[in-house]
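Computed from the coordinates by the stated procedures, all read-outs in this text should not be read as laboratory data. Keep in mind the model is a prediction, meaning the values are calculated, not measured. With ideal geometry, Cβ positions are generated from the backbone for all residues, glycine too; neighbour counts draw on all protein chains shown.
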Amino acid sequence: MNLTSLARVFAAVPKALRSNASLDVDGKVVLITGGGQGIGLALGEILQSRGAIVVLVDIDEDTVTAAADALGERVYAVQANVTDREAMRDAVAYVRNKFGHLDVVVANAGVTPEPATVRTMDPADFDRVIGVNLTGVFNTVHPALDDVVAAKGHVVVVSSCAAFAPGMGGSPYMVSKAGVEQLGRALRVELAAHGASAGVAYFGIVETKMTHDMLDEDDMGREVGEMLPWPLSKRITANEAASTIADGIANRSARTIAPSVWEPYSLLRGAINIVLDRQLADDEKVRTLVHRVEARRSQVAL
């Protein structure tokens with residue numbers, strides 16, 4: 001059975017992970033980080049079309065203001081850096097004071113590292129990626145949890161299929177997304193005790209500027225991307241990714257994953273990764289690529 005067939009078999013799994021309750025976003029207040037472009041902006045547009053009041057949060061004030069202006073009514077812009085804990089508390093407080101409630105939070109902001117092995121990476125790059133992708137998720141969600149509980153609302157943390165994929169050459173990203181996955185699982189159980197909910201969103205390759213810079217503009221990144229077999233190399237648009245989050249919010253889904261061909265890998269990762277890690281460790285093409293990444297990092301250091 002190939003991956004496509006397995007994907008069909010497991011396509012029904014997310015339905016089993018939905019809550020019995022649904023969440024209509026009409027009239028609800030939704031905060032989205034990384035909202036100035038890509039998945040965050042696409043999600044804001046979808047939720048606005050469904051009647052939500054949308055607050056887009058982004059580090060780039062000009063970008064997020066232009067995005068909110070373009071979407072129009074019921075969309076607001078807030079400039080904040082998710083790595084700044086006080087700024088995120090202020091962003092949540094702004095929403096609370098302006099609208100009186102905050103129902104849904106989507107922690108979407110993320111960055112990628114420079115290609116490097118653990119041995120050769122700049123520790124500051126590791127800290128940067130963890131700071132945005134993992135600690136930034138905590139900084140986004142934590143100050144909003146009392147509001148979400150009061151509203152019996154929903155939290156989405158954006159992880160990635162990178163959370164369970166091999167991490168060579170980009171381990172900070174994989175580490176951060178695996179951490180986000182575990183944070184989301186904890187939130188799911190903890191919020192359920194209060195009648196609220198949380199879900200984890202996983203994506204494969206999404207056509208965003210971040211992905212383009214990482215896999216298309218960078219020669220080595222392109223080679224790593226080419227190692228993914230079809231259909232795992234299939235790309236989806238930011239709008240397709242955002243649609244899965246929006247539907248996940250409506251269904252209070254514990255998890256969403258897109259494209260669906262990643263579902264079998266996700267569910268069988270315990271067995272697959274044992275074999276895959278061994279194969280990659282013995283693969284001469286991978287070893288050569290590792291040496292090239294390290295050589296380039298050495299040149300950058302000089």
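For the cross-link pairs K98/K152; K28/K234; K209/K234; K177/K234; K28/K209, which exceed 27 Å when the distance is taken from alpha carbon to alpha carbon?
Those over the limit are K28/K234; K28/K209.
If r is the Cβ-Cβ distance from D69 to D127 and R0 is 41 Å, what FRET efficiency results, to the nearest 0.05?
After rounding, the FRET efficiency stands at 0.75.
For segment 96-106, take each phi angle, set θ = phi - 60°, evaluate the Karplus expression 6.51 cos²θ - 1.76 cosθ + 1.60, and give the result in whole Hz per residue in order, putting x for glycine and proline.
With the stated coefficients, segment 96-106 comes to 4, 6, 6, 10, x, 6, 9, 9, 9, 10, 10 Hz.
For I205, what residues show an amide H to amide H distance below 5 Å, using hydrogens built from the backbone and excluding near sequence neighbours?
When sequence neighbours closer than 5 places are left aside, the close amide H contacts are I236.
Mind listing the long-range amide H neighbours of V156? Cut-off is under 5 Å, sequence gap 5 or more, other chains count too, H placed in the peptide plane at 1.01 Å from N.
Sorted by chain and number, the residues that satisfy this are V105, V106, A107, G199.
How much length would be gained if the chain were fully extended between N273 and T120, taking 0.36 nm per residue of separation minus their Cα-Cα distance, in nm to one decimal?
Difference between extended and current length: 52.7 nm.
Pull up all non-local amide H partners of V54: gap of 5 or more, or a different chain, and H-to-H distance under 5 Å with H placed in the peptide plane.
Those qualifying (amide H under 5 Å, at least 5 residues apart or on another chain) are V30, V75, Y76.
If you plug each phi of segment 72-88 into the Karplus form 6.51 cos²θ - 1.76 cosθ + 1.60 with θ = phi - 60°, what whole-Hz ³J(HN,Hα) values come out, in order, with x for Gly and Pro?
x, 4, 6, 10, 10, 10, 9, 8, 6, 9, 5, 7, 9, 4, 5, 4, 6
Averaging sequence separations of C-alpha pairs under 8 Å and six or more residues apart, then dividing by the length of segment 117-197, give the relative contact order as a whole percent.
RCO, segment 117-197: 37 percent.
May I ask you to evaluate 6.51 cos²θ - 1.76 cosθ + 1.60, the Karplus curve with θ = phi - 60°, for each residue of segment 36-47 and list the ³J(HN,Hα) values in order in whole Hz, giving x for glycine and proline?
Calculated HN-Hα couplings, in order: x, 7, x, 4, x, 5, 4, 5, x, 5, 5, 5 Hz.
Take H194 and E284, extend 7 Å from each Cα along the Cα→Cβ direction, and tell me the distance between the two endpoints in nm.
5.8 nm
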